Amino acid sequence: MTAARLDGFLGDRDTWRATHCSIGKAMDVVGTRSAILILREAYYGTTRFDDFVQRVGVTEAVAAARLRELTAEGLFERRPYKEPGQRTRFEYVLTEKGRDLLPAVLALMQWGDKYLQGSRGAPIGLRDDATGQPVRVEVRSPDREVPLTELRLTPNFTEEQARRSLP
């Protein structure tokens, strides 16, 4: 077995569709390269529009569109600021919803470190600031790391609700 276990009626994949899939909904929000890289930069401390443009390497139009979308979805909050002698501008500050995406972005980073960096290895390490210990993202139960082959997916809906979602 090389996949997760599907419990109950989920095991018969012809009787249901993943029409309300949380992964699909999340990808609708952050499924572009520029969105993920803007989030990366926000986690690194970037808050100002010009800095996002420069650090992510996108056009102003792309940065504006992504920041507008991510703000509308509630991942960023726009806050006014004013430099002396300048007009009021806005910075983009992560909300709780935006901060809660950190494990997903770090998981992508970890995967890229392992499979895409070759012999160079990870360009940036992750460490616990309090202990200095390495940090990594993993799928866990309270007691252990759980491999894919020991992961069980259980329905949070009835079989009838699953059938109604079929086309």
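The values are calculated or read from the model by the stated rules, or taken from the named source; none is laboratory data. Because the structure is a prediction, the values reported are computed rather than measured. Heads up, the Cβs are rebuilt from the backbone with ideal geometry, glycines too, and the neighbour counts pull from every protein chain shown. Ligands, DNA and RNA are stripped out before the accessible areas are found, and what is left, the full protein with its side chains, is counted by its heavy atoms. Shrake-Rupley method; radii C 1.70, N 1.55, O 1.52, S 1.80 Å.
Observations on the model:
- Electrostatic tally near Gly74: other residues with Cβ closer than 13 Å to its Cβ, Lys and Arg +1, Asp and Glu -1, net -1.
- Relative contact order for segment 1-105, counting Cα pairs under 8 Å that sit 6 or more residues apart, in percent: 22 percent
- Cα centroids of segment 1-66 and segment 97-167: 13 Å apart.
- Value of relative contact order over segment 56-167, rounded to a whole percent, pairs C-alpha under 8 Å and six or more apart: 13 percent
- Working note: 222 nm ellipticity from helices only, DSSP H runs with n ≥ 4, each -39,500 (n - 2.57), summed and divided by the residues of the chain, gives -11000 deg cm²/dmol to the nearest 500.
- Spacing of the two label points (7 Å from each Cα toward its C-beta) at Ala122 and Val139, in nm: 2.0 nm
- Within-13-Å neighbourhood charge of Ser34 [Cβ basis; K, R +1; D, E -1]: +2
- Ordered from largest to smallest accessible area (heavy atoms of protein chains, 1.4 Å probe), the residues Phe157, Phe52 come out as Phe157, Phe52.
- Segment 67-147: C-alpha gyration tensor shape, a/c 1.5 cut-off, then a/b vs b/c: prolate
- Computed from Cα positions, the angle between helix 60-72 and the longest principal axis of the chain comes to roughly 60 degrees.
- Residue-span extension gain [Asp28 to Thr149] - 0.36 nm each, minus C-alpha spacing: 40.8 nm
- C-alpha long axis of helix 102-115 to longest principal axis of the chain, angle in °: 80 degrees
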